[in-house]
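Data first, discussion second: the structure below is written as structure tokens.
The values are calculated or read from the model by the stated rules, or taken from the named source; none is laboratory data. For clarity, every value in this text was computed on a predicted model and none was experimentally measured. Cβ sites come from the backbone with ideal geometry, for glycine too, and all protein chains shown count toward neighbours.
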């Protein structure tokens, strides 16, 4: 009998994110709202009407649980959800353009984490890539010149994890929609992050609001559930009913369908957006991204005071710094923040970082020069006591400077 002693403890564990990267892909992306977690536990702990229509007493569809709220929030005709946005893109291309050409700008042939590349996904879908324009400039005439009898789709990909700056030009999505309507070619827009809140109200520009994209007439829109939306990992597909019907009945749909745990937490998260002000205050990702620097500074000062009490032999200071959205969202945008810096004369920053990383729970920080930095933006108030306990346990035996 093979020994499993080496697996006596669970590998996946909660940790404290002190990096300042809000949507940290390696750390699980968006933390869920407490209510979404409770709803997920409630639904997963027993039986549910996942695919049962209570009104009609017969089999139903799991996607009906989120279709209504998604169409209400976005203004789209129809919606369906799969297990992640890569699957959403693959499914849409397979259903809409297998064996046919998809026209896309060279400047939008992106690669995201894990070597996920749009051209590779297109190849797997059976669609034929037709590149137009150049890396830094694409004009409407480039799309127009690419049209032929085998053109099935115009694809636009939002620059959600990079920016091309300088001598650049792209085609606004409404102009591409007009061209598509003129020639009977649907337009698909992979938004990537998928934001329901207008972040420009808070000084963060460049991230399109999903409803605004729908209003421009885009036929198919895909985006993630666990980025700026602040929900679980999911690939959300919205758009015109005739295209969503085609996509949702494709054979690949069964392979990428959403499960009940994800569905239950996503539905709860979406309902929070019925009151956008409440969503911004309560959804953890939005709350962390949009909190004012005064609040962050007070939290950093509170952390520093507690740290100085338990770590008298360390140099501890509050400093101005910058945070990142992360998760392929809001590239090039730095968020003003406050960090607590920690250093010791005899213990290297690398060693301090290791001790904290190997603690229970782990604390993940970043290093600059010979200091370990803890960003107060992503250390939540309810985590402060645990954070201080971890530092005390891991570092309090360090001797004087």
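One line per residue, one yes/no per condition, for (1) modelled with pLDDT of 95 or more; (2) under 20 Å from residue 220 (Cβ atoms):
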{"position": "142", "(1), (2)": "no, no"}
{"position": "154", "(1), (2)": "yes, yes"}
{"position": "159", "(1), (2)": "no, yes"}
{"position": "164", "(1), (2)": "no, no"}
{"position": "173", "(1), (2)": "no, yes"}
{"position": "181", "(1), (2)": "yes, yes"}
{"position": "185", "(1), (2)": "yes, yes"}
{"position": "188", "(1), (2)": "yes, yes"}
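Being within 26 Å of residue 284 (Cβ to Cβ), in the same structural domain as residue 247 (by the TED database) and touching a helix residue (DSSP H, G or I) at 6+ places or on another chain (Cβ under 9 Å), is that true of even one residue in the stretch 168-190?
yes
Exactly one of these conditions fails for residue 10: (1) in the same structural domain as residue 212 (by the TED database); (2) assigned to a loop (DSSP other than H, G, I, E, B). Give me its number.
(1) is the only condition that residue 10 fails.
Quick check on this structure: which one of 121, 81, 102 is surrounded by 14 or more Cβ atoms within 10 Å (Cβ to Cβ) and without any contact (Cβ under 8 Å) to a residue 40 or more places away in the chain?
None of the other options fit; the residue is 121.
Going by the conditions given, is residue 155 buried (at least 24 other Cβ atoms within 10 Å of the Cβ) and within 27 Å of residue 78 (Cβ to Cβ)?
yes
Per-residue answers, yes or no, for (1) in contact with a strand residue (DSSP E or B) (Cβ under 9 Å, 6 or more places away or on another chain); (2) surrounded by fewer than 18 Cβ atoms within 10 Å (Cβ to Cβ); (3) in a loop (DSSP other than H, G, I, E, B); (4) modelled with pLDDT of 95 or more:
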site	(1), (2), (3), (4)
341	yes, no, no, yes
346	no, yes, yes, no
352	yes, no, no, yes
356	yes, no, no, yes
367	yes, yes, no, yes
374	yes, no, no, yes
377	yes, no, yes, yes
383	yes, no, no, yes
387	yes, no, no, yes
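Pairs only if they're at least six apart or on different chains, beta carbon under 8 angstrom, first in the stretch 128-144 and more than 16 Å from residue 185 (Cβ to Cβ) and not assigned by the TED database to the domain that holds residue 104, second crowded, with 16+ Cβ neighbours inside 10 Å and modelled with pLDDT of 95 or more; list them, first residue then second.
none
Look through 283, 276, 316, 296 and report the one residue that is crowded, with 18+ Cβ neighbours inside 10 Å and either closer than 30 Å to residue 237 by Cβ or at pLDDT below 95 (or both).
None of the other options fit; the residue is 283.
If you check 213, 218, which single one turns out to be touching a strand residue (DSSP E or B) at 6+ places or on another chain (Cβ under 7 Å), assigned to a helix (DSSP H, G or I) and modelled with pLDDT of 90 or more?
After applying the criteria, what remains is 213.
Does the stretch 28-35 contain any residue that is closer than 30 Å to residue 389 by Cα, without any contact (Cβ under 8 Å) to a residue 60 or more places away in the chain, surrounded by 14 or more Cβ atoms within 10 Å (Cβ to Cβ) and not assigned by the TED database to the domain that holds residue 271?
Scanning the stretch 28-35, I find at least one residue that is closer than 30 Å to residue 389 by Cα, without any contact (Cβ under 8 Å) to a residue 60 or more places away in the chain, surrounded by 14 or more Cβ atoms within 10 Å (Cβ to Cβ) and not assigned by the TED database to the domain that holds residue 271, so the answer is yes.
Which one of these is surrounded by fewer than 17 Cβ atoms within 10 Å (Cβ to Cβ), touching a strand residue (DSSP E or B) at 6+ places or on another chain (Cβ under 9 Å), assigned by the TED database to the domain that holds residue 174 and in contact (Cβ under 8 Å) with a residue 60 or more places away in the chain: 241, 227?
None of the others qualify; the one that does is 241.
Tell me which residues, restricted to the stretch 249-298, are in contact with a helix residue (DSSP H, G or I) (Cβ under 7 Å, 6 or more places away or on another chain) and over 27 Å from residue 42 (Cα atoms).
250, 252, 290
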